[in-house]
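So the structure is just underneath, and the comments pick up after that.
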Amino acid sequence: MLNTSPLQITDFSEIIDILFESENIFQSAGTAFSKASDMFGIIQADISISSPAHKTIKETVFANEKADFTDISVQKFVYGKNEGITVCIEVKLDKSKNLSETELRNLSAFSKVIYTFVSKSKYESIIENAGTVDVRTGILTIDGFKRKLYCLFKENKKDNYALVFMNVKDFKIVNRKYGHDQGNRVMSIIIRKIKTFLDSDSFFAHLGGDNFLVCINKNYLAIFIKMISKFSVNAVSKNGLEEEYDLTFHAGIANLSEIKFDETISPEQLMSQSIENANIAMTMSKRNLSSSTIVYYDEKVRHMIMYEKEIEANMYKALENGEFIVCYQPKVNLNTYEMTGAEALVRWKRGGKLIPPMSFIPIFEKNGFVCQLDFYVLDVVCKKIKSWIEHDIEPVKISVNFSKLHTDNPHIVDDITDVVVKNGILPKYLEIEFTETSYTDNSVQIRDIIMKLKDVGIMVSMDDFGTGYSSLNMLKEMPIDVLKLDKSFLNADGNISKREEIIIKNVIRMAKELDIEVVSEGVETPEHVKFLQNLNCDMAQGYFFDKPLLENDYESRLKHTFYDAQAHETDIKN
């Protein structure tokens, strides 16, 4: 385990142990300088190695990112000039530390210890491999990976290998929780562990940040995937406590056997072709288009990613061209069979066909375009409400869905109000729907938004209740007006278990006690209607009454808001 206690010695014996904690000379030297930083006021340390036959390698092995670099002094120590290879250690010091002559001699001695360790290392091979091997980590650079991959193809061994494009999921959380120094240390541990997971014929490169590329013998692929599926490291938190931290990798895997090769192709072209399929699979994993964090490339995967890219390439133009249309699904009072509200639902009319929302909304949620689309729908709804009023058609309250991404917008309520005011309608005609996960993920922000919306006269509903992990107690904490039971509560065949009935009954009872209206979604059968009526549910929404209606059909429904109660009662009895 890495020693992290402050350096308190002057004979540097402890540094010898530190230097051998890593097999990489630059990483070890950086750790030693970090330990000695408080003693000498070191804010940055650079090591350069050069020889007449090779280019110079220079690495910043330690840097205090929080230090003030405006008032510094510099100490240089040069060794080995007469031995063919020159090592220069340059140390930037905090001038306010004002080191004494004795302390400067100690710093010189400290640097000599570092040099002695470096001089015992195989730095000649490091210089020779410059450009193909990362001097800090000892693993292949992109260029080095290209060369090895090209040789593998040239030797006709590609059919035995697969390419794995890996990304450490949410590594930024490690940096935020433990600090960048510990983050760098954890990344070093990851690199060392990946090394141990690979057989001698496999190789990998660190692409920078939290991305890796692995070329692995297929015989070891299953074992490697198992290893990276359960991965934990020890990290020291900011309060000095050591904690075990579990890491997860996103990984895309593609067989190299699918790549065609001839010697006219350059290493760069080969690299690009080889990475493409693995990157597509990894992208699918990262964008949550798959239930697994590890995805194997196939044509289905390619099709899904290509479809997503096509959607993203056309979404702005579609908005400009009015391709997004708004449908309205009635909400029906279960006592009177009157339409007392409706939900605005967006569809994409493209090439003469209506694209269902599940084919594009999840993509818009990931890229943030959904926020712009939500306001487009709100504007369309407000314009239609105004138009109906002007034509003496009394509108009912219409709910508009808003993504949970809006909770990050501190001006969301002002932005909604601006649309309402611009269109000259009363807030009483509107209801804003947030999904259940909006409440569980952003409880503080969403509560503030609800209160502000209610202050301006706009009702708020919780959509998809029952799909997340919220509790009934949350209903007491969130001052919502309407609770929408998710359609998953109602089985399509109309058969509802006693357990489900108890849950629904208690949700409705509690909502009524809190003066919250309840709307049940997914109502498709007479049995559903009768069941909900027996539990005193307020309203129903679903195909039993109406599918989402196009504007003209919905306008006709506004003129005849009552459904044929007798016909529906007959359906229920039969």
For segment 407-450 the number of residues that are closer than 17 Å to Asp464 by Cβ, in contact with a strand residue (DSSP E or B) (Cβ under 8 Å, 6 or more places away or on another chain) and not in a helix (DSSP H, G or I) is 5
Could you tell me whether Phe77 is in the same structural domain as Gln27 (by TED's automatic domain parsing), modelled with pLDDT of 85 or more and either out of contact with any Asp or Glu (no Cβ under 6 Å at 6 or more places or on another chain) or crowded, with 18+ Cβ neighbours inside 10 Å (or both)?
yes
Residue count, segment 89-112 (criterion: surrounded by fewer than 19 Cβ atoms within 10 Å (Cβ to Cβ) and hydrophobic (A, V, I, L, M, F, W, C))
3
Segment 532-560 - residue that is touching a residue at least 12 places away in the same chain (Cβ under 8 Å) and of a type in the set (D, E, K, R) and, of those, surrounded by the most Cβ atoms within 10 Å (Cβ to Cβ)
Asp538
Yes/no for Leu378 being within 18 Å of Glu320 (Cα to Cα) and crowded, with 21+ Cβ neighbours inside 10 Å
yes
Only one of (1) surrounded by 15 or more Cβ atoms within 10 Å (Cβ to Cβ); (2) over 21 Å from Ile398 (Cα atoms) does not apply to Ile516, and that is (2)
Among Ile223, Ile194, which is the only one that is at pLDDT 85 or above, surrounded by fewer than 16 Cβ atoms within 10 Å (Cβ to Cβ) and not charged (D, E, K, R)?
Ile223
Please verify whether Val186 is more than 30 Å from Asn64 (Cα to Cα), modelled with pLDDT of 80 or more, among the hydrophobic types (A, V, I, L, M, F, W, C) and assigned by TED's automatic domain parsing to the domain that holds Arg287, treating the condition exactly as stated.
no
Residue that is of a type in the set (Lys, Arg), within 21 Å of Val519 (Cα to Cα) and in contact (Cβ under 8 Å) with a residue 40 or more places away in the chain, where the choices are Lys397, Lys384
Lys397
Any residue at all in segment 345-356 that's surrounded by fewer than 18 Cβ atoms within 10 Å (Cβ to Cβ), within 27 Å of Gly522 (Cβ to Cβ), of a type outside the set (A, V, I, L, M, F, W, C) and touching a residue at least 60 places away in the same chain (Cβ under 8 Å)?
no
For segment 283-298, indicate whether the set of residues that are touching a strand residue (DSSP E or B) at 6+ places or on another chain (Cβ under 7 Å), in a loop (DSSP other than H, G, I, E, B) and buried (at least 16 other Cβ atoms within 10 Å of the Cβ) is non-empty.
yes
Residues of segment 181-224 being over 18 Å from Val61 (Cβ atoms) and polar (S, T, N, Q), in sequence order, are Thr196, Ser200, Ser202, Asn211, Asn217, Asn219
Name the one entry in Glu308, Glu312, Glu365, Glu343 that is of a type in the set (Asp, Glu) and at pLDDT 95 or above.
Glu343
By residue number, the members of segment 312-352 that are in contact with a helix residue (DSSP H, G or I) (Cβ under 7 Å, 6 or more places away or on another chain), over 19 Å from Glu551 (Cα atoms) and of a type outside the set (Asp, Glu) are Met315, Leu334, Tyr337
What number of residues in segment 160-183 are surrounded by 19 or more Cβ atoms within 10 Å (Cβ to Cβ), touching a Lys or Arg at 6+ places or on another chain (Cβ under 9 Å) and modelled with pLDDT of 80 or more?
3
Within segment 406-431, the residues that are within 22 Å of Thr340 (Cβ to Cβ) and among the charged types (D, E, K, R) are Lys428, Glu431
Say we look at segment 174-209 and pick out the residues that are charged (D, E, K, R) and part of a loop (DSSP other than H, G, I, E, B); which of these is farthest from Leu221 (Cα to Cα)?
Asp201
For segment 308-349, give me the residue count where each residue is aliphatic (A, V, I, L, M) and either under 30 Å from Met539 (Cβ atoms) or part of a strand (DSSP E or B) (or both).
9
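The values are calculated or read from the model by the stated rules, or taken from the named source; none is laboratory data. Quick caveat, the model's predicted, so the values are computed rather than measured. Quick reminder, even Gly has a Cβ in these numbers, built from the backbone with ideal geometry, and neighbours come from all protein chains shown.
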